[in-house]
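These notes concern the structure reproduced below.
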Amino acid sequence: MTDISPTDRPERLFVAHTTADGIRVVTLRGDIDHDVKDALTTALLPPDGADDGRAPRVVADLSGVTFLDSTGINVFVHVHQQVSAAQGWLRLAGARESVTRVVELVGLDTVIACHPTVEQALNP
């Protein structure tokens, strides 16, 4: 199942959802900054009423993200805290070198597991 959700600024961020073995894969393309904060948060957190009794597990596919600022970092931390509180997890995957550099500079990779590919992030 794929769900494509427009954002307030579709030319800035594209979001698509798929599910693989019960894990939500959120594919992101474009810029992650203050203008897309709410859309990013909504995309990453499980939808309201989607509580099926399982812990939320989310992989954020960043392979198409061209820019990431502190707003995006804060959203990832917030989502990580929310899903962790529900005994789930958030993993980041496929980030480009420029995005990986930001993630590593702020130490986000020490808080949230980062993987080179979505396939690797889906494995336990």
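Given the DSSP H assignment, sum -39500 (n - 2.57) over each helix run of at least 4 residues in the chain and divide by its residue total; what's the result at 222 nm in deg cm²/dmol, nearest 500?
The per-residue figure over the chain is -9000 deg cm²/dmol.
Provide the descending list of Cα extents for the chain along its principal axes, expressed in whole angstroms.
Result, largest extent first: 36, 31, 24 Å.
Each value in this text was obtained by applying a stated rule to the coordinates, not by laboratory testing. Owing to the predicted nature of the structure, the values given are computational and were not obtained by experimental measurement.
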